[in-house]
Amino acid sequence: MAFAVARTRDEALLYLELTPCQDCGSNEAPWEHGLTEVDGELTISYAAVCPGCGAEREYLFGLPALETPPGSWPTFGGAEPSELLDAGQWLEVADQAAGNVPADSTEAGRVLAIARAAVEEVIKFVPAGQDAVPVDEFWTCAGRKVRDAEPGRFRLDRLLVVRDTYHELSLTTGAK
Ligand SMILES: [Zn+2]
């Protein structure tokens with residue numbers, strides 16, 4: 001498969017949010033998605049006209065081999081690790097969410113749900129029987145930067161504590 005797989009719509013939209021327009025830097029766009037065939041392969045296309053500069057933007061993703069059943073929001077994917085964001089990028093998503101929890105309890109619950117789900121995604125990169133995310137699961141500059149800042153954060157025991165903390169926080173904010 002030529003394109004990185006987008007496991008779910010939540011994952012594709014998060015990836016697009018982290019991928020600003022090359023021409024003007026805007027990361028907002030009215031994305032329309034659909035299926036398209038590229039070299040005989042069915043591919044997911046997200047396309048939009050950038051509201052910042054009018055550029056036509058299009059991103060293509062592979063279809064997942066297995067569809068992820070819809071679960072609680074957000075659902076970034078099944079048990080298999082992400083192909084769109086690396087382990088460091090996922091932890092950064094979690095950090096940014098957890099660092100900006102709004103006062104409103106419903107909103108806070110949503111933000112903490114993102115933080116918890118993003119840490120869950122980091123954990124999926126840890127192979128069974130190993131105790132940390134392997135170095136080759138950091139394939140972007142942004143991701144490597146997060147790892148280099150504090151490699152110990154990608155140990156499984158620490159990731160599990162962080163995930164559980166976000167989960168408990170989301171319960172105490174009164175969110176479901
Ligand atoms: Zn633009």
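The values are calculated or read from the model by the stated rules, or taken from the named source; none is laboratory data. Treat the numbers as computed from the prediction; the structure is a model and nothing was measured. Methodologically, a virtual Cβ is constructed for each residue, glycine included, from the backbone with ideal geometry; neighbour enumeration extends over all protein chains shown. For accessibility, only protein heavy atoms count, side chains too; no ligands or nucleic acids. Shrake-Rupley method; radii C 1.70, N 1.55, O 1.52, S 1.80 Å.
The set of residues from region 108-133 being more than 14 Å from Tyr166 (Cα to Cα) and either part of a loop (DSSP other than H, G, I, E, B) or not aliphatic (A, V, I, L, M) (or both) comprises Lys124, Phe125, Val126, Pro127, Ala128, Gly129, Gln130, Asp131, Val133.
For region 146-172, a residue qualifies if it is surrounded by fewer than 19 Cβ atoms within 10 Å (Cβ to Cβ) and at pLDDT below 95, and the qualifying residues are His167, Glu168, Leu169, Leu171, Thr172. Restricting attention to region 48-100, which residues are in a loop (DSSP other than H, G, I, E, B), open to solvent by 60 Å² or more (accessible area, probe 1.4 Å) and within 16 Å of the ligand (Cβ to nearest atom)? Those that are in a loop (DSSP other than H, G, I, E, B), open to solvent by 60 Å² or more (accessible area, probe 1.4 Å) and within 16 Å of the ligand (Cβ to nearest atom): Pro51, Cys53.
Would you point out which residue out of Arg7, Arg57 is within 15 Å of the chain's Cα centre (by Cα) and in contact (Cβ under 8 Å) with a residue 24 or more places away in the chain?
Arg7
When you scan region 17-27, do you find a residue that is away from the ligand (no atom under 16 Å from the Cβ), in a loop (DSSP other than H, G, I, E, B) and in contact with a Pro (Cβ under 6 Å, 6 or more places away or on another chain), even just one?
no
Considering only residues in region 1-40 that are open to solvent by 30 Å² or more (accessible area, probe 1.4 Å), of a type outside the set (A, V, I, L, M) and in contact with a Leu (Cβ under 7 Å, 6 or more places away or on another chain), the one that is nearest to Glu121 (Cα to Cα) turns out to be Tyr15.
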